[in-house]
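> The structure that follows is given in the form of structure tokens.
The values are calculated or read from the model by the stated rules, or taken from the named source; none is laboratory data. Since the structure is predicted, the reported quantities are computational estimates derived from the model, not experimental observations. Cβ: placed from backbone, ideal geometry, glycine included. Neighbour counts: every protein chain shown.
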Amino acid sequence: MSFRITADVSEVLRGFQNMQNALPQSLEATLVRVAEESIQVAKDTVPVDTGTLQRSIRVLERGPNYVIIGSDVEYALYVELGTYKMQAQPYLGPAMDSAHTRLMQIFSDEFNRRLR
């Protein structure tokens, strides 16, 4: 006695194709959202005197699979890291910590949204 087991894998293959299509879009959307959230955290955290530094926080560079946020204001580094005369007042560090914490959740949300 014998019997044959057959399987139609076409649905599985379609699922893999959907995942492959969703991946680049999900990564791009994740970078955009993480950058936006990080900029907001940095702007909410940075000390404000004239507001110049706060207004200058933005995307400085964007490339495949990365985004650099920061400020091109001359004294931005001194505020972030401090000097021998001034205590550090980090604003990019907390933004990076927040981004690191949220990255996988945002990617998961974006990826799952595209698979529906």
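> For the subset of the stretch 70-86 comprising residues that are of a type in the set (S, T, Y) and surrounded by 13 or more Cβ atoms within 10 Å (Cβ to Cβ), which member is nearest to L31 (Cα to Cα)?
Initially, the stretch 70-86 is screened for residues of a type in the set (S, T, Y), giving 71, 75, 78, 83-84.
Those still in the list that are surrounded by 13 or more Cβ atoms within 10 Å (Cβ to Cβ) too: 71, 78.
Numbers: S71: 18, Y78: 27 Å.
Filtering first and then ranking leaves S71.
> Filter the stretch 44-69 down to the residues that are acidic (D, E), out of contact with any strand residue (DSSP E or B) (no Cβ under 8 Å at 6 or more places or on another chain) and within 24 Å of Q25 (Cβ to Cβ) and list them by number.
Those that are acidic (D, E), out of contact with any strand residue (DSSP E or B) (no Cβ under 8 Å at 6 or more places or on another chain) and within 24 Å of Q25 (Cβ to Cβ): none in the stretch 44-69.
> Now, a different point. Consider only pairs whose beta carbons are under 7 Å apart and that are at least six residues apart or on different chains; among these, list those whose first residue lies in the stretch 4-28 and is in contact (Cβ under 8 Å) with a residue 60 or more places away in the chain and whose second residue is of a type in the set (S, T, N, Q).
Close Cβ pairs satisfying both conditions: L27/N65.
> Exactly one of (1) surrounded by 15 or more Cβ atoms within 10 Å (Cβ to Cβ); (2) under 24 Å from E110 (Cα atoms); (3) modelled with pLDDT of 95 or more is unmet by V67. Its number?
Among (1) surrounded by 15 or more Cβ atoms within 10 Å (Cβ to Cβ); (2) under 24 Å from E110 (Cα atoms); (3) modelled with pLDDT of 95 or more, V67 violates only (3).
> Now a separate question. Quickly run through the stretch 1-48 and pick out the residues that are among the hydroxyl-bearing types (S, T, Y) and closer than 30 Å to V59 by Cα.
To start, the set of residues in the stretch 1-48 that are among the hydroxyl-bearing types (S, T, Y) comprises 2, 6, 10, 26, 30, 38, 45.
Across the stretch 1-48, the qualifying residues are S26, T30, S38, T45.
> From Q20, Q40, grab the single residue that is among the polar types (S, T, N, Q) and exposed (fewer than 10 other Cβ atoms within 10 Å of the Cβ).
Q20
> Still on this structure: Looking only at the stretch 87-99, count how many residues are surrounded by 12 or more Cβ atoms within 10 Å (Cβ to Cβ) and among the polar types (S, T, N, Q). Spell out the reasoning first.
Of all residues in the stretch 87-99, those surrounded by 12 or more Cβ atoms within 10 Å (Cβ to Cβ) come to 88-99.
If we keep only those that are among the polar types (S, T, N, Q) too, we end up with 89, 98.
Residues that pass the stated criteria total 2.
> For residues that are of a type in the set (A, V, I, L, M) and over 21 Å from G93 (Cβ atoms), scanning just the stretch 23-37, find the one that is surrounded by the most Cβ atoms within 10 Å (Cβ to Cβ).
A29
> Identify all residues within the stretch 43-60 that are surrounded by 11 or more Cβ atoms within 10 Å (Cβ to Cβ), touching a Leu at 6+ places or on another chain (Cβ under 9 Å) and of a type outside the set (A, V, I, L, M); write none if there are none.
Across the stretch 43-60, the qualifying residue is only T45.
> Tally time: how many residues in the stretch 32-73 are basic (K, R) and under 14 Å from the mean Cα position of the chain (by Cα)?
Residues in the stretch 32-73 being basic (K, R) and under 14 Å from the mean Cα position of the chain (by Cα): 3 in total.
> Only one of (1) more than 28 Å from R114 (Cβ to Cβ); (2) loosely packed, with under 13 Cβ neighbours inside 10 Å; (3) not hydrophobic (A, V, I, L, M, F, W, C) fails for D8. Which number is that?
It fails just one condition, (1).
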